[in-house]
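K.L.:
I'd like to ask you about the structure that follows.
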Amino acid sequence: MTCSAPRLLLQHLTRNVQGLNATLSVAGYKSAVSLDKIYPASDLDVTKLQTPPKTDGLNFSGYVPMNKVQVTYSRSNGPGGQNVNKINTKVDLRLQVTTADWLSPELKERIAKKYKSSITADGFLVVRSDKTRSQQLNLADAMDKLRHMIHTAAYVPPPPSAEDEERARRRHEASVRERLRQKKAHSLLKQGRQIPQWDE
Amino acid sequence: MSLKLSYTPLCMGKLQMMIDTNRLRCDVPVDVTQLMATGLFSISPQQKEGGFMLENEGIDHFKATINIEVQWANEAVIASVERNGGFITTAYFDPLSLTAAIKPVEFFGRGIAIPRRMLPPQHLIDYYSDPKNRGYLADPAEVARERFLLAQKYGYELPDVNASPNKDILLERKDPRQIFFGLEPGWVVNLKDKVILKPTDPELKEHFAS
């Protein structure tokens with residue numbers, strides 16, 4: 001492979017960048033707009049370990065530990081020629097509901113009840129996605145679906161207020177009155193078609 | 001007169017191919033200079049081109065662990081880099097700095113001091129200060145949180161950097177005023193004599209450190 005002089009110099013420069021990095025990270029060039037000056041209160045640690053938010057009771061935090069979830073890939077259906085025939089873009093996400101210790105027992109019960117049709121005989125909650133052409137985006141969609149399922153299972157509608165109950169009672173009584181009124185009107189109509197009976 | 005910049009698209013598939021064919025090294029931090037050194041792209045800052053933007057095509061096949069600095073990246077691309085244990089930063093280069101960065105040998109041949117990189121204009125500063133975009137002006141602690149949230153959103157476990165043998169390379173970052181890795185603003189690089197001239201005058205030093 002032929003290399004011109006500027007290319008050789010550039011290669012020399014790029015090859016030696018690693019050495020220069022080592023010396024500079026010791027020296028540490030800091031301008032007036034370096035990150036420690038923009039964010040003086042921060043520890044500026046991009047590798048800081050994040051504590052995942054916990055789920056207690058029916059408050060699902062949104063955190064799903066990926067080591068407790070089984071993901072398998074397969075080929076999608078539909079048109080797409082060679083690409084759809086060869087590339088595994090369909091995502092199958094499985095979650096063992098009974099052994100999920102990161103969910104509370106009451107939440108697990110509600111999921112098992114609400115999504116009975118999505119749970120296999122072995123107790124795995126199955127979520128599938130082949131929405132896009134990309135495996136990565138399909139996995140994101142499957143995660144979204146899973147979170148939606150858990151959130152909707154956790155949702156308990158608020159109890160009806162006194163006003164709502166009063167309104168429901170008045171509406172029920174109004175409908176009963178109307179039903180009886182119609183029934184009486186219909187009865188009179190039918191009676192009117194009879195030959196009148198005159199008792200002498 | 002529009003201030004809007006255009007960016008050279010670079011697909012993840014192409015990036016993976018360049019790494020696989022040894023066109024691009026991923027054992028050093030990759031930035032505009034490294035990408036231009038492959039010889040596959042041309043950027044003209046005078047035509048209001050801002051640099052590189054990473055595109056979605058090929059995110060599923062991207063396997064390299066890389067520390068990359070580009071000018072624009074969307075969420076799926078960021079997820080693709082981070083799930084393989086890499087780091088991605090979006091950084092702004094003003095036209096003068098970009099001219100120096102894309103052709104360093106030519107720039108050093110002019111014999112002038114390396115300039116300070118200017119901060120982004122008003123319509124771009126929000127983008128580069130946002131940890132969601134992995135902006136170079138964002139708080140790294142918030143970037144750490146966003147990395148965790150993105151891993152949860154896209155369904156992968158974030159690999160531990162501390163266990164990686166390339167930890168120093170992956171965590172290498174430029175100062176916001178720096179154009180080249182390993183070179184400070186104010187230095188004059190003499191490639192012919194293989195010498196770097198640094199300013200000694202306190203006023204000059206103050207200027208280049210501002």
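K.L.:
Take the residues of segment B:45-85 that are closer than 13 Å to residue B:147 by Cα and out of contact with any strand residue (DSSP E or B) (no Cβ under 6 Å at 6 or more places or on another chain): which is surrounded by the fewest Cβ atoms within 10 Å (Cβ to Cβ)? Explain how you work it out, then say what you get.
P.N.:
The first filter runs over segment B:45-85 and keeps only residues closer than 13 Å to residue B:147 by Cα, leaving B:75-85.
Those left that are additionally out of contact with any strand residue (DSSP E or B) (no Cβ under 6 Å at 6 or more places or on another chain): B:75-76, B:79-80, B:82-85.
Numbers: B:75: 17, B:76: 19, B:79: 23, B:80: 27, B:82: 21, B:83: 21, B:84: 14, B:85: 17.
Looking at the filtered set, the residue picked out is B:84.
K.L.:
Follow-up. Against the definition (touching a strand residue (DSSP E or B) at 6+ places or on another chain (Cβ under 9 Å) and in a loop (DSSP other than H, G, I, E, B)), how does residue A:122 come out, yes or no? Give the steps one after another, and end with the answer.
P.N.:
On the way: touching a strand residue (DSSP E or B) at 6+ places or on another chain (Cβ under 9 Å): yes; in a loop (DSSP other than H, G, I, E, B): yes.
Judged against the criteria, residue A:122 is a match.
K.L.:
Could you tell me how many of the residues in segment B:129-151 are away from chain A (no Cβ under 11 Å), in contact (Cβ under 8 Å) with a residue 12 or more places away in the chain and surrounded by fewer than 21 Cβ atoms within 10 Å (Cβ to Cβ)?
P.N.:
Total meeting the criteria: 1.
K.L.:
From A:178, A:163, grab the single residue that is at pLDDT 95 or above, assigned to a helix (DSSP H, G or I) and exposed (fewer than 10 other Cβ atoms within 10 Å of the Cβ).
P.N.:
Details: A:178 fails: exposed (fewer than 10 other Cβ atoms within 10 Å of the Cβ).
Going through A:178, A:163 in turn, just one is at pLDDT 95 or above, assigned to a helix (DSSP H, G or I) and exposed (fewer than 10 other Cβ atoms within 10 Å of the Cβ): A:163.
K.L.:
Limited to segment A:107-147, what total is found for residues that are within 23 Å of residue A:77 (Cβ to Cβ) and within 13 Å of chain B (Cβ to nearest Cβ)?
P.N.:
Looking only at that region, the number is 17.
K.L.:
Within segment B:6-25, work out how many residues are among the aliphatic types (A, V, I, L, M), surrounded by fewer than 21 Cβ atoms within 10 Å (Cβ to Cβ) and in a loop (DSSP other than H, G, I, E, B).
P.N.:
Restricting attention to segment B:6-25, the residues satisfying the condition of being among the aliphatic types (A, V, I, L, M) are B:10, B:12, B:15, B:17-19, B:24.
Then drop every residue that is not surrounded by fewer than 21 Cβ atoms within 10 Å (Cβ to Cβ), which leaves B:17-19.
Right, trim to in a loop (DSSP other than H, G, I, E, B) and you get none.
So the answer is 0.
K.L.:
Run residue A:140 past the list (1) modelled with pLDDT under 95; (2) assigned to a helix (DSSP H, G or I); (3) among the small types (Gly, Ala, Ser) and report the number of the one that doesn't hold.
P.N.:
(1)
K.L.:
Would a scan of segment B:161-171 turn up a residue that is part of a loop (DSSP other than H, G, I, E, B), within 26 Å of residue B:64 (Cα to Cα) and hydroxyl-bearing (Ser, Thr, Tyr)? Give the steps one after another, and end with the answer.
P.N.:
From segment B:161-171, those part of a loop (DSSP other than H, G, I, E, B) are B:164-166, B:171; that's our starting set.
Retained after the next criterion (residues that are within 26 Å of residue B:64 (Cα to Cα)): B:164-166, B:171.
In the following step, the residues that additionally are hydroxyl-bearing (Ser, Thr, Tyr) were identified as B:164.
Among the residues of segment B:161-171, at least one is part of a loop (DSSP other than H, G, I, E, B), within 26 Å of residue B:64 (Cα to Cα) and hydroxyl-bearing (Ser, Thr, Tyr), which makes the answer yes.
K.L.:
Taking segment A:77-97 on its own, how many of its residues are in a loop (DSSP other than H, G, I, E, B) and either surrounded by 12 or more Cβ atoms within 10 Å (Cβ to Cβ) or of a type in the set (Gly, Ala, Ser) (or both)? It would help to see each step written out before you state the result.
P.N.:
At the first step, the residues of segment A:77-97 found to be in a loop (DSSP other than H, G, I, E, B) are A:77-80, A:87-89, A:97.
Of the ones still in play, those that are also either surrounded by 12 or more Cβ atoms within 10 Å (Cβ to Cβ) or of a type in the set (Gly, Ala, Ser) (or both) are A:78, A:80, A:87-89, A:97.
Looking only at that region, the number is 6.
K.L.:
Could you tell me whether residue B:66 is of a type in the set (A, V, I, L, M), in contact with a Pro (Cβ under 9 Å, 6 or more places away or on another chain) and more than 14 Å from every other protein chain (Cβ to nearest Cβ)? Don't jump to the end; show me each part of the working.
P.N.:
Numbers: of a type in the set (A, V, I, L, M): yes; in contact with a Pro (Cβ under 9 Å, 6 or more places away or on another chain): yes; more than 14 Å from every other protein chain (Cβ to nearest Cβ): yes.
Judged against the criteria, residue B:66 is a match.
Results for (1) under 30 Å from residue B:162 (Cβ atoms); (2) of a type outside the set (Ser, Thr, Tyr), shown as yes or no for each residue.
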residue: B:24; (1), (2): yes, yes
residue: B:27; (1), (2): yes, yes
residue: B:30; (1), (2): yes, yes
residue: B:38; (1), (2): no, no
residue: B:49; (1), (2): no, yes
residue: B:52; (1), (2): yes, yes
residue: B:58; (1), (2): yes, yes
residue: B:64; (1), (2): yes, yes
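K.L.:
Now, a different point. Look through B:53, B:36, B:1 and report the one residue that is more than 30 Å from residue B:195 (Cβ to Cβ), modelled with pLDDT of 95 or more and not hydroxyl-bearing (Ser, Thr, Tyr). Even if it seems obvious, please write down each step before you answer.
P.N.:
Details: B:36 fails: more than 30 Å from residue B:195 (Cβ to Cβ); B:1 fails: modelled with pLDDT of 95 or more.
Going through B:53, B:36, B:1 in turn, the sole match is B:53.
K.L.:
Would you call residue A:41 of a type in the set (A, V, I, L, M, F, W, C), more than 8 Å from chain B (Cβ to nearest Cβ) and surrounded by fewer than 16 Cβ atoms within 10 Å (Cβ to Cβ)? Full working, then the answer.
P.N.:
Working: of a type in the set (A, V, I, L, M, F, W, C): yes; more than 8 Å from chain B (Cβ to nearest Cβ): yes; surrounded by fewer than 16 Cβ atoms within 10 Å (Cβ to Cβ): yes.
So residue A:41 passes the test.
K.L.:
Moving on to the next point. I'd like the full set of residues that are within 8 Å of chain A (Cβ to nearest Cβ) and not hydroxyl-bearing (Ser, Thr, Tyr), limited to segment B:152-168. Outline the logic, then answer.
P.N.:
Going through segment B:152-168, the residues within 8 Å of chain A (Cβ to nearest Cβ) turn out to be B:152-157, B:161-162, B:168.
B:152, B:153, B:155, B:157, B:161, B:162, B:168, listed by residue number.
K.L.:
Those residues that are within 10 Å of another protein chain (Cβ to nearest Cβ), without any contact (Cβ under 8 Å) to a residue 40 or more places away in the chain and not in a helix (DSSP H, G or I), I need them from segment B:172-210; list them, please.
P.N.:
Residues satisfying the conditions are B:175, B:182, B:192, B:194, B:196, B:209.
K.L.:
Determine which single condition residue A:42 fails, assuming it passes every other condition in (1) under 19 Å from residue B:155 (Cβ atoms); (2) touching a Pro at 6+ places or on another chain (Cβ under 8 Å).
P.N.:
Answer for residue A:42: the failing condition is (1).
The values are calculated or read from the model by the stated rules, or taken from the named source; none is laboratory data. Remember, it's a predicted structure, so these values are computed and weren't measured experimentally. Reconstructed Cβ throughout: ideal geometry from the backbone, glycine too, with neighbour counts over all protein chains shown.
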